[in-house]
Amino acid sequence: MTDTGFAISDSLRAHITEWRRELTALRRLSPRTVEAYMRDLDQFLAFLSGHIGGTVDMADLKEVRAADLRAFFAARRAGGTGSRSLARGLSGLKSFFTFLERKGIMALEALSVIRTPKRPQTLPKALTVSEAKATIDTTHELEDRPWIAARDAAVLALCYGAGLRISEALAITRPDLDTQSLRVTGKGNKVRLVPLIAPVRKAISAYLKLCPFALDPSQPIFRGARGGPLSPRIVQYRAEQLRSALGLPPSATPHALRHSFATHLLGKGGDLRSIQELLGHASLSTTQIYTHADTEHLLDVYRKAHPRG
């Protein structure tokens with residue numbers, strides 16, 4: 001019996017244990033992701049156990065059809081599970097059956113015809129211009145060590161002034177910097193050039209002058225307190241302090257500064273294609289979400305300001 005009260009065969013249990021070990025030790029997925037995958041597989045096996053009326057073994061898995069999978073996900077949706085969780089559940093099942101196929105145990109073609117549930121588009125929560133500026137400027141008031149204050153301000157300036165992801169900002173090396181532009185390596189190792197506006201250049205220059213460590217040209221310029229690569233968590237913690245100091249909502253994260261960069265450009269007349277290039281989006285459809293965000297902002301202004309609003 002499993003923890004959830006349904007029966008599985010010893011051979012299936014052994015394969016699940018080996019799969020979990022692979023997720024943890026070889027693929028190094030986070031504990032939360034591993035636990036989520038295990039829960040999703042448990043839910044599917046419980047559904048299958050109820051469907052066949054008994055213990056689930058490897059032979060039962062081989063007989064799973066697309067209709068069974070659709071019925072399982074339909075039941076979960078009817079139970080209130082959202083699209084995001086359903087998509088993760090499908091990902092977990094695919095991971096398990098891919099593991100079985102790679103081991104030469106079995107292949108499940110039915111999974112290949114199941115489409116990932118569409119996730120509802122969520123509007124980016126951008127900061128106002130004054131909030132974004134205050135987030136960067138206030139950094140110096142929260143840190144006694146000038147070089148660390150300059151470092152954190154420079155990273156946040158890159159998020160807002162150049163639209164960078166935290167990972168992209170923390171990967172910048174000396175050769176990536178130019179007087180007028182910045183070479184950014186984004187998702188999929190795709191390289192793009194982003195203009196460096198004066199305030200961002202000034203913030204980076206201030207940090208480089210104060211940084212106490214010798215910076216190897218091949219290493220990222222942003223360093224931790226002991227000289228190692230700067231952790232994204234340190235930047236996120238700084239953002240938490242800034243939210244508290246400025247009274248900003250929990251949505252005011254470093255990534256929200258990137259959203260603000262795109263939203264404010266669009267609000268000032270920037271075209272979507274250019275914003276797509278600056279953000280490093282592979283598809284224009286990803287960038288188009290900002291048109292909805294800007295429309296929502298305009299409607300909010302209209303409702304508050306128009307006499308008939």
Checklist entry - Counting just the residues of the stretch 162-187 that are modelled with pLDDT of 85 or more and assigned to a helix (DSSP H, G or I), which one comes out surrounded by the fewest Cβ atoms within 10 Å (Cβ to Cβ)? => result Pro175
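What number of residues within the stretch 16-29 satisfy the criterion of being closer than 14 Å to Ser91 by Cβ and either modelled with pLDDT of 85 or more or among the hydroxyl-bearing types (Ser, Thr, Tyr) (or both)? Lay out the reasoning, then the answer.
If we filter the stretch 16-29 for residues that are closer than 14 Å to Ser91 by Cβ, which is where we start, we get 19, 23, 27, 29.
Keeping just the survivors that are either modelled with pLDDT of 85 or more or among the hydroxyl-bearing types (Ser, Thr, Tyr) (or both) gives 19, 23.
Going through the stretch 16-29 one residue at a time, the tally reaches 2.
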Item to check | Enumeration of residues in the stretch 1-10 that are closer than 21 Å to Gly104 by Cα and either modelled with pLDDT under 85 or crowded, with 17+ Cβ neighbours inside 10 Å (or both) | outcome: Ile8
Item to check | Breaking point among (1) outside any loop (DSSP other than H, G, I, E, B); (2) β-branched (Val, Ile, Thr); (3) in contact with a helix residue (DSSP H, G or I) (Cβ under 8 Å, 6 or more places away or on another chain), for Ile148 | outcome: (3)
Checklist outcome for this item: Reported set for the stretch 54-101 where residues are among the hydroxyl-bearing types (Ser, Thr, Tyr) and without any contact (Cβ under 8 Å) to a residue 60 or more places away in the chain is Thr55, Thr81, Ser83, Ser85, Ser91, Thr98
Item to check | Looking only at the stretch 219-240, and only at residues there that are among the charged types (D, E, K, R) and assigned to a helix (DSSP H, G or I), the one that is farthest from Lys209 (Cα to Cα) | outcome: Glu240
Next on the checklist: It is to be established whether one or more residues within the stretch 11-21 are more than 20 Å from Arg115 (Cα to Cα), aromatic (Phe, Trp, Tyr), part of a helix (DSSP H, G or I) and open to solvent by less than 40 Å² (accessible area, probe 1.4 Å).
Outcome noted: yes
Checklist entry - Got at least one residue in the stretch 191-208 being within 23 Å of the chain's Cα centre (by Cα) and either β-branched (Val, Ile, Thr) or buried (at least 18 other Cβ atoms within 10 Å of the Cβ) (or both)? => result yes
Item to check | Residues located in the stretch 127-163, provided they are within 25 Å of the chain's Cα centre (by Cα), over 17 Å from Ser251 (Cβ atoms) and of a type in the set (Phe, Trp, Tyr) | outcome: none
Next on the checklist: Among the residues that make up the stretch 165-173, is at least one of them touching a residue at least 12 places away in the same chain (Cβ under 8 Å) and closer than 18 Å to Lys133 by Cβ?
Outcome noted: yes
Checklist outcome for this item: The condition from (1) free of Cβ contacts under 8 Å to residues at least 12 places away in the same chain; (2) of a type in the set (Asp, Glu); (3) closer than 23 Å to Arg115 by Cβ that Asp40 misses is numbered (1)
Checklist entry - How about the stretch 29-131: which helices (runs of 4 or more DSSP H) wholly inside it have at least 2 residues that are in contact with a strand residue (DSSP E or B) (Cβ under 6 Å, 6 or more places away or on another chain) and open to solvent by less than 30 Å² (accessible area, probe 1.4 Å)? => result 31-52
Checklist outcome for this item: Contact list, first residue from the stretch 208-231 and free of Cβ contacts under 8 Å to residues at least 24 places away in the same chain and under 21 Å from Val184 (Cα atoms), second anywhere and surrounded by 11 or more Cβ atoms within 10 Å (Cβ to Cβ) and among the polar types (S, T, N, Q), beta-carbon distance below 9 Å, six or more apart or interchain, is Asp216/Thr173; Gly224/Ser231
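The values are calculated or read from the model by the stated rules, or taken from the named source; none is laboratory data. A quick note: this is a predicted structure, and the numbers were derived from the prediction, not measured. Because the Cβ atoms are built from the backbone with ideal geometry, glycine has one as well, and the counts that use them run over all protein chains shown. Accessible surface areas use protein heavy atoms only, side chains included; no ligands, DNA or RNA. Shrake-Rupley method; radii C 1.70, N 1.55, O 1.52, S 1.80 Å.
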